[in-house]
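Single-structure report; data block below.
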């Protein structure tokens, strides 16, 4: 049996990679967020919730290890490495532990790409540092492009972007899709994916763009 461990209270790039890993190798995903567990289950993955943070995180993990006796534990959130090491000692079980490596590629997905559509796809969690605001501002002077934003963020971050998008120069050119369970469905009709921020989540976005054979931009041509 394989356990895939994910920390955090929201869906992230680590969750996307854990989903792909569980689809390929099987096993059960153990996550801290109900939302993540529910999404995994809807994708057909066995998943359960466990609090792995705080003072009792290692103890909770040790109980799970004694109960399940997994052959392998794959850590998809590096922050859990210390907790897992403690849990292994507490549980006194023979379990192989590994930190998930970033895959070089994801399985190919069929997407209807439109090279001349001018529709760009941005994918990720919206933060003040993600570069999305600069991209939206740049679109004001590039009327040949449209933008589809797949992802969510805190209201205090997303609100100002929505106000900028109401500029007459941008009217009807930005689609706000929110968080999507199957991002590939929303790549259809696009000419390229665009990455504006050098973070682990951007790495996952690049892998998903590559899986769909969607060209990748890091800035407007």
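Please give, to one decimal in nm, the separation of the simple spin-label points placed at residue 38 and residue 79, each 7 Å out from Cα toward the Cβ.
Calculated label separation equals 2.1 nm.
When you take every Cα atom in the chain, what is the radius of gyration, and what is Dmax, the widest Cα pair distance, in Å?
Here Rg and the maximum Cα pair distance are 19.5, 64 Å.
Obtain the nm distance between the two label points defined at residue 167 and residue 98 by a simple spin-label model: each point lies 7 Å from its Cα along the Cα-to-C-beta direction.
4.8
Counting only the backbone N, which residues of segment 100-117 are under 20 Å from the spot 7 Å out from the Cα of residue 23 toward its beta-carbon?
100-113
Could you list 4, 186 so that the one with the fewest beta carbons within 10 Å of its beta carbon is first and the one with the most is last?
So the ranking, lowest neighbour count to highest, is 186, 4.
Could you tell me how many degrees, from 0 to 90 and to the nearest 10, lie between the Cα long axis of helix 200-211 and the main elongation axis, the longest principal axis, of the Cα atoms of the chain?
Long axis of 200-211 versus the principal axis of the chain: about 70 degrees.
Using a Gaussian network model of the chain with C-alpha springs under 10 Å, which one of 140, 35, 156 is most mobile by mean-square fluctuation?
Most flexible of the set in this elastic network: 156.
Evaluate E = 1/(1 + (r/R0)^6) for residue 220 and residue 182, where r is the Cβ-Cβ distance and R0 equals 25 Å; express this FRET efficiency to the nearest 0.05.
0.40
Expected output is a single nm value to one decimal: the length gained when fully extending between residue 66 and residue 117, i.e. 0.36 nm times separation in residues minus the C-alpha distance. What is it?
Stretched fully, the residue 66-residue 117 segment lengthens by 12.9 nm.
No lab work stands behind these numbers, since they all come straight from the coordinates. Worth saying up front: this structure is predicted, and the values here are computed from it rather than measured. Ideal geometry is used to build each Cβ from the backbone, glycine not excepted, and the neighbour counts take in all protein chains shown.
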